[in-house]
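Working notes, structure below.
No lab work stands behind these numbers, since they all come straight from the coordinates. Everything numeric here is computed off the predicted structure, so don't read it as measured data.
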Amino acid sequence: MSIEAIAALSASTGPQATALAHPVRNTEGADFAALLGDGLAKTDAGLKAADENLRAMATGEARPPHEVMISMEEARMNLMLAVEVRNRVVEAYQELIRMQL
């Protein structure tokens with residue numbers, strides 16, 4: 001491996017290099033809806049798993065307490081993320097409504 005080759009590569013940082021660093025994705029509304037749906041499904045699955053672990057531990061099944069707490073904390077954080085995304089979407093909608101055309 002040649003150090004000169006690396007230096008030559010880093011010296012050629014022009015508009016093309018910055019264009020490649022930030023690729024433009026062609027996104028559609030369906031992708032965003034699918035992303036939200038997947039996130040909600042993941043959050044729901046995490047909440048159900050945490051509830052199942054907690055119920056199993058409460059009924060006397062041999063469940064490690066740290067695993068139950070970890071699943072509950074993951075479910076709580078996923079729920080907090082979902083609520084924050086909802087808040088941001090509502091704020092964006094309200095900003096659009098307030099815009100004067």
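Per-structure values
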quantity: Segment VAL89-GLU74, extension gain: residue separation times 0.36 nm, minus the distance between their alpha carbons; calculated: 3.1 nm
quantity: Equivalent-ellipsoid semi-axes of the stretch 27-98, from the Cα gyration tensor, Å, largest first; calculated: 34, 13, 8
